[in-house]
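Below: one structure in structure tokens.
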Amino acid sequence: MTFNGWVQIIVFFALILAVTVPLGAYLFRVFEGSREGSRQPLPRLLGPVERLCYRLCGVDPKREQSWLEYALALLIFSAFGMLLTYAIERLQQWLPLNPRHLAAVEQLLALNTAASFITNTNWQSYTPETTMSYVTQMAGLAWHNFTSAASGIAVALAVARGFTRRREAGDQPAALPAAQGTIGNFWVDLTRAMLYVLLPLSFIFALVLVTQGVLQNFAPYRELTTLEGLKQTLAMGPVASQEAIKMLGTNGGGFFNANSAHPFENPTPLANLLQMIAIFAIPAGLTYTYGRMAGAARQGWALLAAMSLLFFAGVTTVYWAEAAPNPALHELAIGSSVPGGNLEGKETRFGIAASSLFATVTTDASCGAVNGMHDSFTPLGGLVPLVNIMLGEVIFGGVGAGLYGILVFVLLAVFIAGLMVGRTPELLGKKIEAHEIQLAMLYTLVFPLLILGFSAWAAVVPLGTSTLGNAGPHGLSEILYAFTSGAGNNGSAFAGLNANTPFWNLTLLVDMLAGRFLMILPVLAIAGSMVGKKTVPPGPGTFPTNGPLFVGLLISVILIVGALTFFPALSLGPIAEQFLASNGKLF
């Protein structure tokens with residue numbers, strides 16, 4: 001590890017802290033400002049567009065929904081989007097902007113990809129530049145980058161309303177939306193997330209990326225002759241516009257197969273830094289938004305502190321593991337003579353520090369973009385991205401998903417604290433009862449059930465093992481990572497696995513859909529239960545949820561529920577591989 005590497009990490013995090021408050025305040029004004037008497041930003045420019053959208057879609061923006069109505073609207077919208085994207089993929093040979101005359105995407109692959117993009121996973125079992133036309137990339141995939149991210153933000157705001165809306169003991173039954181059991185309007189939240197947040201930020205960011213050399217054109221692919229006299233094809237396309245929302249929406253799907261390691265997607269160290277900032281910006285800002293909604297900024301700062309400590313633990317481990325020589329080469333003369341650590345699978349224009357940081361950021365935030373191949377990391381270096389996802393991706397997490405995910409762990413932490421002191425647990429003045437804990441446990445159990453169940457199946461049947469790039473514990477890590485990435489809606493992969501087979505396309509399709517919607521439904525139900533509860537003033541025995549003690553408890557609960565659940569599987573995968581690699585055993 002070098003001083004320069006740590007400077008990069010610290011500068012990155014300082015910039016994240018710098019954007020947290022202004023972006024969080026902006027998000028609060030967009031979604032909750034009207035409740036406090038203020039207007040949405042840019043009312044003369046975007047206000048008419050917003051109202052036109054409501055009129056065209058028949059939406060009453062003043063009518064709020066119960067959690068069940070909110071969830072139903074989300075499911076209907078997602079199902080429609082999945083069918084539309086599937087149709088675009090299957091019909092792309094007859095659609096415009098197809099300069100390579102690419103054929104229709106195969107049925108199971110098209111279905112897997114449609115599910116992948118509507119769940120904000122962006123898992124790609126194909127080579128984009130030889131499979132998807134320009135119109136499919138834009139109208140099918142980039143469109144979902146906006147809508148899936150906006151849906152995540154909408155759910156996070158709905159859950160935050162359930163936790164923070166107050167109903168005092170003297171309120172009349174219809175005095176407040178909280179008394180009616182409503183948590184907002186999905187169509188309004190979706191529209192505002194795209195119109196006021198994702199579209200303007202993506203437009204600006206895309207222009208910045210173009211200045212760094214990211215492609216943005218509709219030109220045909222270039223046929224070049226190399227210095228050796230061979231022919232080479234360079235893919236073109238509208239890359240910057242997709243790259244911007246890919247990062248801001250924590251989507252991660254690459255326009256090219258090499259993703260953010262490709263020089264047309266991520267050409268310079270500055271572009272690399274800006275892309276990482278874009279990944280963390282909205283998840284970090286939402287913690288401040290939550291604090292504002294709760295009427296106590298320290299509530300949001302406590303969440304940000306827990307996320308930040310876990311982030312630094314992860315990036316320190318990855319950087320330490322990758323800065324050291326590959327343990328498999330330790331006994332060889334070259335193992336100790338090669339400076340710079342493990343450079344395998346990394347771009348030299350970024351180096352080990354930026355690659356380690358990117359791997360940590362993208363798996364902390366449910367993004368899935370990669371600027372290096374995790375399959376080529378050392379066993380411990382590859383362990384951290386895997387664990388980051390297994391923790392539920394609450395270390396900042398996806399846009400929206402990180403906030404509502406960590407709020408579930410907040411419930412569990414408060415419940416445990418209440419058991420310790422023998423009091424009914426409370427959060428923001430609302431009593432936490434059996435119903436909320438049952439739903440929280442359902443949320444936390446769905447995730448390991450999907451990952452471990454599918455991984456066990458794939459590890460013992462030829463349909464699962466026949467496409468592995470490696471045997472032994474590294475092969476198990478590839479299987480674990482695939483289903484963890486799918487259930488966690490991350491989308492990154494250990495590159496040694498060929499997942500474009502009927503078995504993998506179907507199992508990952510179920511894995512991604514269940515990992516998205518079977519976890520959103522319980523958390524929306526928690527919000528619906530919490531929003532109608534009466535708020536009582538804190539008493540002398542109330543456990544504060546805004547101080548260092550709570551931050552420590554929250555981190556402990558996240559690690560116990562997440563890490564210990566998966567520790568046996570990790571012991572057979574990357575941990576076992578680390579010990580074997582130290583003795584020169586490769587897989």
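Using the charge dipole of region 253-408 (Lys, Arg: +1 at Cβ; Asp, Glu: -1 at Cβ; taken about the Cα centre), state which of Val370, Pro325, Met293 has its Cα farthest towards the positive end.
Met293
If the only charges are +1 at each Lys and Arg Cβ and -1 at each Asp and Glu Cβ, what is the size of the charge dipole of the chain around the Cα centre, to the nearest 20 debye?
Details: 29 positive and 29 negative charges, 340 e Å.
It works out to roughly 1640 debye.
On to the next question. Ranked highest first by the average count of other Cβ atoms within 10 Å around their residues, in what order do 213-221, 67-75 fall?
Values: 213-221: 15.4, 67-75: 19.1.
Taking the mean over residues of other Cβ atoms within 10 Å, the ranking is 67-75, 213-221.
Report, to two decimal places, the Cα Rg of region 1-133 normalised by 2.2 N^0.38 Å (N = number of residues). Kindly include the intermediate steps, with their values, before the conclusion.
Working: Rg = 21.5 Å, N = 133, 2.2 N^0.38 = 14.1 Å.
Cα Rg divided by the expected 2.2 N^0.38 Å: 1.52.
On a 0 to 90 degree scale, rounded to 10, what angle separates helix 472-487 from the longest Cα axis of the chain?
The angle comes out at about 40 degrees.
Taking neighbour Cβ counts within 10 Å as the exposure measure, how do Ile9, Ile118 sort from fewest upward? Write out the running numbers ahead of the final one.
On the way: Ile9 20, Ile118 26.
The order, fewest Cβ neighbours first, is Ile9, Ile118.
Shifting gears a bit: Where does the chain land at 222 nm, in deg cm²/dmol rounded to the nearest 500, when only DSSP H runs of n ≥ 4 count, each adding -39500 (n - 2.57), divided by all residues? Kindly include the intermediate steps, with their values, before the conclusion.
Numbers: 22 runs with 353 residues, N = 587.
The per-residue figure over the chain is -20000 deg cm²/dmol.
Next question, about the same structure. Please work out whether region 177-242 counts as rounded, prolate or oblate from its C-alpha gyration tensor, where a ≥ b ≥ c are the square roots of the eigenvalues and a/c under 1.5 means rounded, while otherwise a/b larger than b/c means prolate and anything else oblate?
Working: a/c = 5.62, a/b = 3.62, b/c = 1.55.
Prolate, because a/c is 1.5 or more and a/b exceeds b/c.
Sticking with this structure for a sec: Can you list residues whose amide H is under 5 Å from Gly184's amide H, if they're 5+ apart or on another chain and H is modeled 1.01 Å from N?
Gln65
What is the Cα coordinate range of region 388-481 on the first, second and third principal axes, sorted by size from largest, in whole angstrom?
54, 25, 19 Å, listed from the longest principal axis down.
Counting other C-beta atoms within 10 Å, which of Lys231, Lys346, Lys585 has the fewest, and how do the rest follow? Mind dumping the intermediate values first?
Details: Lys231 8, Lys346 24, Lys585 14.
Arranged by neighbour count, lowest to highest, Lys231, Lys346, Lys585 become Lys231, Lys585, Lys346.
A further question follows. Total Lys pairs in the chain closer than 28 Å by alpha-carbon, pairs eight or more apart in sequence or interchain only?
Eligible lysine pairs with Cα atoms under 28 Å apart amount to 10.
Can you give me the angle between helix 434-460 and the longest principal axis of the chain, using Cα atoms only, in degrees from 0 to 90, rounded to the nearest 10?
Here the helix axis deviates by roughly 10 degrees.
If I take R0 = 25 Å and measure r between the Cβ atoms of Tyr221 and Gln107 in this structure, what FRET efficiency does the formula 1/(1 + (r/R0)^6) give, to the nearest 0.05? Display every interim value, and only then the final one.
Values: r = 26 Å, r/R0 = 1.03.
Once rounded, the FRET efficiency stands at 0.45.
Here are several values of semi-axes √(5λ) of the Cα gyration tensor in Å: (1) 51, 27, 23; (2) 37, 29, 22; (3) 34, 28, 25. Which one was derived from the coordinates shown?
(2)
Order 11-18, 251-258 from most to least packed using the mean count of other Cβ atoms within 10 Å. Could the numbers behind the result be given before it?
On the way: 11-18: 15.0, 251-258: 24.5.
Ranking, from highest mean packing down: 251-258, 11-18.
Turning to a different aspect of this structure: Roughly how many Å is it from the Cα centre of region 303-325 to that of region 411-449, as a whole number?
Cα centroid to Cα centroid, the span is 28 Å.
Taking the Cβ-Cβ separation of Ala434 and Lys231 as r and a Förster radius of 51 Å, what is the calculated FRET efficiency to the nearest 0.05? Provide the component values of the computation, followed by the final result.
Numbers: r = 68 Å, r/R0 = 1.33.
For R0 = 51 Å, the calculated efficiency reads 0.15.
Something else about it: Starting with the highest mean, order 455-466, 47-58 by the number of other Cβ atoms within 10 Å, averaged over the residues of each peptide. If you can, show how the numbers build up before the last one.
Numbers: 455-466: 15.2, 47-58: 11.8.
Top to bottom by mean Cβ count within 10 Å: 455-466, 47-58.
Quick one: P(r) of region 21-294 from all Cα-Cα pairs, 10 Å bins, percents rounded to integers, in order of increasing distance.
6, 26, 31, 21, 10, 4, 1, 0, 0
Here, each number is a calculation from the coordinates, and none is a lab measurement. Everything numeric in this text was worked out from a predicted model, so none of it was measured. No Cβ is skipped: glycine too gets one built from the backbone with ideal geometry, and neighbour counts run over all protein chains shown.
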